[in-house]
1. Looking at (1) in contact with a Phe, Trp or Tyr (Cβ under 7 Å, 6 or more places away or on another chain); (2) closer than 23 Å to Ile604 by Cβ; (3) among the charged types (D, E, K, R), can you tell me which one Arg498 breaks?
2. Criterion first (assigned to a strand (DSSP E or B) and open to solvent by less than 10 Å² (accessible area, probe 1.4 Å)) does Ala514 satisfy it?
3. What pairs come up if the first residue lies in the range 535-551 and is closer than 17 Å to Leu243 by Cβ, the second is among the small types (Gly, Ala, Ser) and open to solvent by 50 Å² or more (accessible area, probe 1.4 Å), and their beta carbons are under 7 Å apart, counting only those six or more places apart or on different chains?
4. What pairs come out if I take residues in the range 335-355 that are in contact (Cβ under 8 Å) with a residue 24 or more places away in the chain and pair them with residues that are of a type in the set (D, E, K, R) and assigned to a loop (DSSP other than H, G, I, E, B) whose C-beta lies under 9 Å away, six or more apart or interchain?
5. Return the residues of the range 476-507 that are assigned to a helix (DSSP H, G or I) and open to solvent by less than 70 Å² (accessible area, probe 1.4 Å); say none if nothing qualifies.
6. State all residues of the range 236-259 that are open to solvent by less than 10 Å² (accessible area, probe 1.4 Å) and assigned to a loop (DSSP other than H, G, I, E, B); if no residue qualifies, say none.
7. Looking at the range 438-465, which of its residues are open to solvent by 10 Å² or more (accessible area, probe 1.4 Å) and closer than 15 Å to Leu588 by Cβ?
8. Being of a type in the set (A, V, I, L, M, F, W, C), outside any strand (DSSP E or B) and more than 27 Å from the chain's Cα centre (by Cα): is that true of Leu560 here?
Amino acid sequence: MKIKMMNILLSIYSFIRKHLLLRRILIVLGHIIGSGICYYGAFLLRFDGRIPTGVSVLLFETLPIYILITVLALALFKLHSGLWSYFSIDDLLRAVYASLSANITFAFFVFLMDNLSFSNYPRSVFVLNFILLTLWIASGRLFVRYMREYMLRKRMSHGKSQERILIVGNIDDTDLILRLSKTMSLGRFVGVITDNQDMDQTKIHGVPVRYCRLRDIGDAAKQLRVNSILILAPFRKPRYMNLIIASCSRAGVACQFRQIPSISDLTLGNVSVSMFKKVNIEDLLHRDVQKLDRKIVRESLQHKKVMVTGAGGSIGSELCRQIARYTPSVLVLFEFSEIALYSLEAELSSNFPHLKIVPVAGDIRHPEEIKNAIALAGGIDIIYHAAAYKHVPLMEENVPACFRNNVIGTSRLIEAAEQCKVKRFVMISSDKAVRPSNIMGATKRIAERLLIERSRNGTEFMAVRFGNVLGSSGSVIPLFKKQIEDGGPVTVTSQEVRRYFMTIPEAVDLVLQAGAIGENGKIFVLEMGECVKIVDLAKRMIELSGLIPDRDIKIKFTGLRPGEKEYEELITEDEDVEKSEYDKIRVLKKNSSCIENRVNTDKIEKLISNNDESGLRLIAREYVPENTFSK
């Protein structure tokens, strides 16, 4: 019977919600009827249910006036136009103010009509009427809000929305989330883990609160049968999130991990389900926020003519996006891939409609194409050289192509830059150039030498060296994601292999900073933080997918591929590191043991034209004597 009655009420409620005019009419009628009932009820209470005949006449004489004043007061405070289903504390306060205003106005009217006195009118009625009217206004709206939340809970009890969510965060943010969750189908909140020990074993909005250490959260999640964890401040730092995820994995809890990037948006009422973001592998990097000098970067790029080679690649495209924000006068996109060039040009034109963009389909191995691109821009102030072959195993199988692109291409770009009087040239290098064990790293090291051995002739040359970037084309991140989606196994070359990692935007940010402060012939090294074990990265990505490593997804070790090594470095033994004025940027300075024989590009070109792979491998050993090639 109760369920049937609720269904009837829900049907009526849904019908009224869809018809604005009907809703307004019913609200006004409710105000008229309600104010009359409250007024009559106040007299009943005052006289213990037996209103004297003389007072009864007074009641009905003043009733129309009271109703009119009350309806006008409620309209003045816009209580006829609010959404009752979202009734809040602010709405309750407006109801109190409206009720108080109506009764004060009515009291003043009675005072005037009774010869400036209340001798013929029971004054306690004003107080009783204020209380009853406020309760009437609030109770109707609270009932409608209850109906809406009942409907929401009913929808949430079916299908996908029945997630069992554990919140990990402070109580203030948790309170905000739980209140806002009543307006969205997020799932069922089954518990809260907080850092406040005084809140242990309490409840907030009916949800139990527990205090426990982060390493024990997995046990709590298992006990509550959680399948989703929402991480709030102060636990959104990488080290805390890593502890939470590791704890759940140890406890055998497979769940999704989410966070809210900006609680301030929720405070302002900017709420949507899309704000609850999945925790990504980038969020778990142990890296501090960079403090960079935006002013000097802006001075180096604003109103300048800038060209980016390899503009369509992972690093090149992010360079273009960030450079565009500094409002250069011209941005030349130099790219070999037609589709990559088209996509980037379309994106930048949409996001920066006032920026002059010059898309050039070209090849750095052809100097005439480079010079044509520079001429189209009317000259270039800065070149960021990001075009390169970077895939280690592929380049081991394509040695001449790797030398042609990474060495000869860079050499021709350098010569064209000098001839066209480019002021500054910044090359993107790699940590694989340090004691290289592969051809790709060796060619990047030779390219670095081309820059630092160049006699200054008007153009300042420099290189920026850093490690792997998360999410770049050819990196392990997209590969692992694909393997996890396919059900595994996730392939890792070695249990001990480690790499430096940085996000693409962070790397480019530091590249622009280094390019702004750089001096001719210098190699800059970006501080990459701690080396990350690839097997740990694979495990964390499996856990972030709501799965358990080695139970749901297997990890398979395949052995090191040709040219790979277990550890990467950022400097060689014969390089001194100097601090720059920025914490995350170091400057390399060659010591007295600098290599004597200069790079001979003519010799390299001859070997390439003869497709002499063995000769190129020998010359790599010659020009990069610190190499760690296998015998």
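The values are calculated or read from the model by the stated rules, or taken from the named source; none is laboratory data. It should be emphasised that the depicted structure is a prediction, and the values quoted were computed from it without experimental measurement. Ideal geometry is used to build each Cβ from the backbone, glycine not excepted, and the neighbour counts take in all protein chains shown. Heads up: the accessible areas ignore ligands, DNA and RNA and are worked out on the full protein's heavy atoms, side chains in. Shrake-Rupley method; radii C 1.70, N 1.55, O 1.52, S 1.80 Å.
1. (2)
2. Values: assigned to a strand (DSSP E or B): no; open to solvent by less than 10 Å² (accessible area, probe 1.4 Å): yes.
No; evaluated as a whole, the condition is false for this residue.
3. Close Cβ pairs satisfying both conditions: none exist.
4. Cβ pairs passing all conditions: Phe336/Asp363.
5. Of the range 476-507, the ones assigned to a helix (DSSP H, G or I) are 476-485, 504-507.
Val476, Ile477, Pro478, Phe480, Gln483, Ile484, Ile504, Pro505, Glu506, Ala507 - these are the residues of the range 476-507 that are assigned to a helix (DSSP H, G or I) and open to solvent by less than 70 Å² (accessible area, probe 1.4 Å).
6. As a first pass, look at the range 236-259 and keep what is open to solvent by less than 10 Å² (accessible area, probe 1.4 Å): 241, 244-245, 247-248, 255, 257.
Matches in the range 236-259: Cys255 only.
7. Lys444, Ile452, Glu453
8. Details: of a type in the set (A, V, I, L, M, F, W, C): yes; outside any strand (DSSP E or B): yes; more than 27 Å from the chain's Cα centre (by Cα): yes.
Spelling it out, Leu560 is indeed of a type in the set (A, V, I, L, M, F, W, C), outside any strand (DSSP E or B) and more than 27 Å from the chain's Cα centre (by Cα).
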